[in-house]
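A.B. asks: Please read through the structure below; I'll follow up with questions.
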Amino acid sequence: MSDELPYIENEAGGIAIPCQLKIAEDCVQIGQFCESREDARHWAEEECWIYSGEGYFCVQCNDQIMRNISNLQTKKMN
Ligand SMILES: [Zn+2]
């Protein structure tokens, strides 16, 4: 698996994975800062973040997408 994911590093050298979408009002924006990229990624997976192939996005944003899709479908039907 490639490791070209976007990572965020803080002053303390912690590494976190940002949410790729940031479309939900309650989006967590950034994952927990961990000691390594592997840990950051592990954290995202533990939190059930969704891997898009280019990055991860949080469960809240996933819910938002689902809502958007169902809104779209409702509009089409009317
Ligand atoms: Zn998000």
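A.B. asks: Only loop residues by DSSP count here, and only those with at most 11 other Cβ atoms within 10 Å; note down the GluC sites (Glu not before Pro) in segment 13-76 that meet that.
C.D. replies: Glu25, Glu35, Glu54
A.B. asks: May I pose another question? Roughly what would the spin-label model give for Ala12 and Glu38, points 7 Å off Cα along C-beta, in nm?
C.D. replies: Modelled inter-label distance: 2.1 nm.
A.B. asks: Per 0.36 nm of contour for each residue apart, how much would the distance between Glu4 and Tyr51 grow if the chain were fully extended, relative to their Cα-Cα spacing?
C.D. replies: Computed gain between Glu4 and Tyr51 is 15.7 nm.
A.B. asks: Give, rounded to the nearest 20 debye, the magnitude of the charge dipole that segment 1-66 has about its Cα centre when Lys and Arg contribute +1 at Cβ and Asp and Glu contribute -1 at Cβ.
C.D. replies: Value, rounded to 20: 160 debye.
A.B. asks: With an 8 Å cut-off on Cα pairs and a minimum separation of 6 or more residues, tell me the relative contact order of the chain in percent.
C.D. replies: 27
A.B. asks: Another question, then. Among Ala12, Gly55, Ser36, whose Cα projects farthest towards the positive end of the dipole of the chain, with charges put on the beta-carbon of Lys, Arg (+1) and Asp, Glu (-1)?
C.D. replies: Going by the Cα projections, it comes out as Gly55.
A.B. asks: Which residues' amide hydrogens lie under 5 Å from the amide hydrogen of Ile30, considering only partners 5 or more residues apart or on another chain, with H built in the peptide plane?
C.D. replies: Cys19
Coordinate-derived values only; no laboratory data. Owing to the predicted nature of the structure, the values given are computational and were not obtained by experimental measurement. Cβ sites come from the backbone with ideal geometry, for glycine too, and all protein chains shown count toward neighbours.
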